[in-house]
Amino acid sequence: MKWVLRATLLAAVFLPASCAEDETDTAFDLELTPDTNLGSAQRLAAQIDTVLLVVDSPQGLYPASEPRVVGNVQIKNVDSDPWLELVVTIPVPSGRLPWIRLRRGALPDEKPLDLRLSGLRTTGGSIGAVALGRVQHLQFTEGVTRRVVVPFNVRPERLAPRVLQVLRTGGARVDGCRVEQLAIVFSKPMDAASLQEAGAIVVTSDAGAVTTHALRLDPDGLIAVFEPDNLEHPDTTDLSYHVFVATSVHEPEDGLGLDQFPGQADAQQFDADFVVPCDTPIFPVNICGSGALDATCPGDGRLDCVADVCLPRPASCEDDCPGGWTCALASGICEVDCTLYGGADVCPSNRPYCDDDSGVCVRTPG
């Protein structure tokens with residue numbers, strides 16, 4: 001189903017889908033497009049039941065004296081300026097995101113348009129914005145229907161956690177073919193109890209199952225450090241091991257479980273194989289948390305031992321973030337690329353501006 005929206009001076013109405021076939025319309029065809037690193041269109045559509053479209057202009061759209069309501073279309077004030085905006089509520093068809101045609105009608109040719117879209121879940125007693133998207137500086141072209149790809153993604157705080165990295169002690173080679181510590185870096189703060197449940201995190205090596213203990217989370221809950229008892233194989237020149245993290249591990253606030261590949265159907269566990277060459281042991285490793293003065297952390301410089309806790313160094317995640325994520329240089333942690341929302345307001349209050357070059361939320365505009 002395609003929703004066709006004809007904008008007039010005072011109101012707007014939906015037209016039947018058959019009216020959308022005329023390609024001589026002066027119009028925009030809006031295609032809501034999630035980034036596959038953050039989720040699929042089908043999974044996003046399953047999380048929302050309504051798309052709220054706000055049509056605005058930095059030069060003002062409708063005068064304050066002309067509010068109107070026609071069905072699911074309103075002209076009203078939804079922001080801080082005195083002008084009114086065109087606000088449309090669009091139901092989400094089963095299984096996919098809606099296609100929307102916005103016809104010019106009496107919308108001004110000369111004013112650039114700013115389209116803001118919110119994906120809402122209106123059931124369950126409260127309305128919450130699950131997804132956001134935005135496209136700016138649009139202008140109609142007479143007699144032309146333009147296809148406009150609108151970035152539209154699940155809000156960062158509503159994304160499921162994922163494993164960003166698995167780090168180990170040692171540099172390019174491992175002394176004595178033994179790994180003293182493993183650090184799992186998550187994209188969101190994690191619930192410590194869920195990480196310690198049986199089967200939540202499983203490490204195996206070519207020598208067999210590995211037992212781990214002494215789980216420590218950093219103060220932000222993003223880095224879980226384990227001490228394997230027997231992650232070693234002294235009779236080989238390479239140490240091979242496998243790390244599994246179950247979808248049952250979750251964040252404490254909303255209980256969202258791990259989903260390593262949100263673009264795929266259903267939640268996905270983390271599964272990865274690692275191989276590291278071995279060296280003859282030179283000296284014993286003093287691991288972070290043991291109280292040693294020269295204690296080290298996993299990651300070959302990625303993490304520093306500070307007050308018996310492994311913390312990321314600034315800028316240490318550069319070139320290490322997965323698709324859809326970017327390195328916050330100040331914290332050394334990968335975060336969701338804010339540019340994937342087309343300028344929608346997704347940054348936290350302490351870093352309210354999205355840097356267009358890096359995709360990092362920053363304190364002041366660039």
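Please tell me if residue 257 is of a type in the set (Gly, Ala, Ser), more than 15 Å from residue 180 (Cβ to Cβ), at pLDDT 90 or above and in the same structural domain as residue 211 (by TED's automatic domain parsing). Let's see the steps before the verdict.
Values: of a type in the set (Gly, Ala, Ser): yes; more than 15 Å from residue 180 (Cβ to Cβ): yes; at pLDDT 90 or above: yes; in the same structural domain as residue 211 (by TED's automatic domain parsing): yes.
Answer is yes for this residue.
Scanning the stretch 16-65 for residues that are among the hydrophobic types (A, V, I, L, M, F, W, C) and surrounded by fewer than 17 Cβ atoms within 10 Å (Cβ to Cβ), which turns out modelled with the highest pLDDT?
Taking the stretch 16-65 as the starting set, the residues that turn out to be among the hydrophobic types (A, V, I, L, M, F, W, C) are 17, 19-20, 27-28, 30, 32, 38, 41, 44-46, 48, 51-55, 61, 64.
Going one step further and asking which of them are surrounded by fewer than 17 Cβ atoms within 10 Å (Cβ to Cβ), we end up with 17, 19, 46, 64.
Working: 17: 40, 19: 44, 46: 92, 64: 88.
Per the criteria, the residue is 46.
For the stretch 89-115, the set of residues classified as within 20 Å of residue 26 (Cα to Cα), buried (at least 21 other Cβ atoms within 10 Å of the Cβ) and under 26 Å from the mean Cα position of the chain (by Cα) consists of 100, 115, listed by residue number.
Filter the stretch 232-251 for residues that are of a type in the set (Val, Ile, Thr) and assigned to a strand (DSSP E or B); which is farthest from the chain's Cα centre (by Cα)? Walk me through it before giving the result.
Our first condition is that a residue be of a type in the set (Val, Ile, Thr); within the stretch 232-251, this holds for 236-237, 243, 245, 247, 249.
Then keep just the ones that are assigned to a strand (DSSP E or B); that gives 243, 245.
On the way: 243: 23, 245: 19 Å.
Top of the filtered list is 243.
In summary, residue 254 fulfils each of the numbered conditions (1) assigned to a strand (DSSP E or B); (2) under 26 Å from the mean Cα position of the chain (by Cα) with the single exception of condition (1). Scanning the stretch 262-293 for residues that are touching a residue at least 60 places away in the same chain (Cβ under 8 Å) and under 30 Å from residue 46 (Cα atoms) gives 262, 263, 264, 265, 267, 270, 272.
Being farther than 16 Å from residue 342 by Cβ, touching a residue at least 24 places away in the same chain (Cβ under 8 Å) and in a loop (DSSP other than H, G, I, E, B) is true for just one of 43, 96. Which residue is that?
On the way: 43 fails: in a loop (DSSP other than H, G, I, E, B).
The unique qualifying residue is 96.
Residues of the stretch 253-289 being exposed (fewer than 14 other Cβ atoms within 10 Å of the Cβ) and of a type outside the set (A, V, I, L, M), which ones? First the steps, then the outcome.
Keep residues of the stretch 253-289 that are exposed (fewer than 14 other Cβ atoms within 10 Å of the Cβ), which gives 253-255, 264-266, 271-273, 275, 277, 280-284.
Passing the criteria: 253, 254, 255, 264, 266, 271, 273, 277, 280, 281, 283, 284.
Picking from 210, 202, 243, 225, which residue would you name as being hydrophobic (A, V, I, L, M, F, W, C), modelled with pLDDT of 90 or more and more than 21 Å from residue 300 (Cα to Cα)? So that I can check it myself, show each step before the final result.
Numbers: 210 fails: modelled with pLDDT of 90 or more; 243 fails: more than 21 Å from residue 300 (Cα to Cα); 225 fails: more than 21 Å from residue 300 (Cα to Cα).
Just a single option satisfies the conditions, and that option is 202.
Considering only residues in the stretch 54-68 that are in contact (Cβ under 8 Å) with a residue 40 or more places away in the chain and of a type in the set (A, V, I, L, M, F, W, C), the one that is nearest to residue 129 (Cα to Cα) turns out to be 54.
Evaluation of residue 294 against the conditions (1) surrounded by fewer than 21 Cβ atoms within 10 Å (Cβ to Cβ); (2) more than 23 Å from residue 239 (Cβ to Cβ); (3) at pLDDT 85 or above shows that the sole unmet condition is (3). On inspection, residue 304 qualifies as surrounded by 14 or more Cβ atoms within 10 Å (Cβ to Cβ), part of a strand (DSSP E or B) and at pLDDT 90 or above.
Residue-level check: of (1) loosely packed, with under 14 Cβ neighbours inside 10 Å; (2) closer than 30 Å to residue 36 by Cα; (3) not aromatic (Phe, Trp, Tyr), residue 312 misses just (1). List every residue pair whose Cβ atoms sit under 9 Å apart, with the two residues 6 or more apart in sequence or on different chains, where the first one lies in the stretch 219-238 and is free of Cβ contacts under 8 Å to residues at least 40 places away in the same chain and the second, anywhere, is exposed (fewer than 15 other Cβ atoms within 10 Å of the Cβ) and of a type in the set (Gly, Ala, Ser). Note: pairs meeting the criteria are 221/192; 230/208; 230/209.
The values are calculated or read from the model by the stated rules, or taken from the named source; none is laboratory data. Predicted model, so just to flag it, every value in this text is computed and none were measured. Don't worry about glycine lacking a Cβ; one is built from the backbone with ideal geometry, like all the others, and counts go over all protein chains shown.
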